[in-house]
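Encoded as structure tokens, the structure appears first; notes follow it.
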Amino acid sequence: MARALLVTALKGLAALVFAITLAACGLVEGDTRHLQPLSDSVKLKLTSINSSPGEAMMVRIYKEESALEVWKRTKDGTYKLFKTYEICSWSGELGPKFKEGDRQSPEGFYSITPGLMNPRSSYYLAFNTGFPNKFDRVHGRTGSDLMVHGDCSSRGCYAMTDEQIAEIFSLGREAFKAGQRTFEMQIFPFRMTPENLAKHHDSPHIDFWRNLKEGYDAFEISRRVPEWDVCEKRYVFNPAGGPLNAAGACPADSSEPELMAKVKAKQLLDEETFRVKVAALKEKEAQRVADAEA
């Protein structure tokens, strides 16, 4: 009984916070773009994957493919892909954002709260990525107002069509109304396979991307969104204990030891594939140079 009352109270609090957030954004009477209901087809598709509008969601972005995925938690606690949207435009190149004004779209792990939803965006509708997060801050990275928004135009953001952002915004809104405190967003340069990493093996960002791959693999194996924190200036996934010092030592234990053991085993196998693919690419390049000089 006590647990049920607590859950009900938390849901009410989340709905109140979301309502206050919208009011604080100065919505004018009659402006209901942020209140567009989910279509019957969206509701039907959610039902077909054993989910519902109020279930938790996760967003995944892949720069190289210009793809944004929305995943929804199902009744068994795992996540299923709801829909993939084509990103109109994103700024910069593969790799993280470093400083204000570099017009670079961020990469990393971000937690979207109701306060980051922007129903009065000049780009139709938007939500803030939350950049800079704990990882970005410990690395001295700067930037502000990095959004996923409509209007199909980007200066450091991820731009969608108005129709797409309306649907994504509404999915987030319904999750918050049901009591979800956040939805997670994972932003990658590409799908984190050893083959893709091998294609970019000479990038200065390769170590950063290997770190992102740990969280990517944790989700791929479990189909559950991993908890993340920052220690030793790197992302750590499903750590044991409370909040970590971003520059301090990482904990020895994990809250999900079996899963993270599987992640480590996968990384070892993928690293061998990575080495083989890189060697093949270098051999191919050497042959191309030799043929050109012949």
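The values are calculated or read from the model by the stated rules, or taken from the named source; none is laboratory data. Everything numeric in this text was worked out from a predicted model, so none of it was measured. Quick reminder, even Gly has a Cβ in these numbers, built from the backbone with ideal geometry, and neighbours come from all protein chains shown. Side chains included, ligands, DNA and RNA excluded: accessible areas come from the protein's heavy atoms. Shrake-Rupley method; radii C 1.70, N 1.55, O 1.52, S 1.80 Å.
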Problem - Test: residue in region 145-165 that is over 29 Å from A261 (Cα atoms), in contact (Cβ under 8 Å) with a residue 40 or more places away in the chain, acidic (D, E) and open to solvent by 10 Å² or more (accessible area, probe 1.4 Å) - result: no
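Yes or no, residue by residue, for (1) open to solvent by 40 Å² or more (accessible area, probe 1.4 Å); (2) at pLDDT 95 or above; (3) touching a Phe, Trp or Tyr at 6+ places or on another chain (Cβ under 9 Å); (4) not in a loop (DSSP other than H, G, I, E, B):
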| site | (1), (2), (3), (4) |
| --- | --- |
| R120 | yes, no, no, no |
| F127 | no, yes, yes, yes |
| G130 | no, yes, yes, no |
| R137 | yes, yes, no, yes |
| G143 | no, yes, yes, no |
Practice task
State all residues of region 273-287 that are among the charged types (D, E, K, R) and either in contact (Cβ under 8 Å) with a residue 12 or more places away in the chain or open to solvent by less than 60 Å² (accessible area, probe 1.4 Å) (or both); if no residue qualifies, say none.
Solution key: K277
Handout entry: Residue list for region 72-103, restricted to those being open to solvent by less than 40 Å² (accessible area, probe 1.4 Å) and among the basic types (K, R)
Key = K72, K97
Exercise for the section: Please work out if R223 is charged (D, E, K, R), within 21 Å of T78 (Cα to Cα), in contact (Cβ under 8 Å) with a residue 60 or more places away in the chain and surrounded by 12 or more Cβ atoms within 10 Å (Cβ to Cβ). Expected result: yes
Practice task
Name the residue, out of S41, S48, that is loosely packed, with under 15 Cβ neighbours inside 10 Å, at pLDDT 50 or above and closer than 25 Å to Y124 by Cα.
Solution key: S41
Exercise for the section: Give the residue that is farthest from K262 (Cα to Cα), with candidates limited to residues of region 212-227 that are charged (D, E, K, R) and not in a helix (DSSP H, G or I). Expected result: E227
Exercise for the section: Output the number of residues of region 73-118 satisfying the condition of being β-branched (V, I, T), touching a residue at least 24 places away in the same chain (Cβ under 8 Å) and part of a strand (DSSP E or B). Expected result: 1
Problem - Matching residues in region 166-180 - criterion: being open to solvent by less than 30 Å² (accessible area, probe 1.4 Å) and not in a loop (DSSP other than H, G, I, E, B) - result: A166, I168, F169, S170, L171, G172, R173, A175, F176
Exercise for the section: Look at M192 and say whether it is among the aliphatic types (A, V, I, L, M) and part of a helix (DSSP H, G or I). Expected result: no
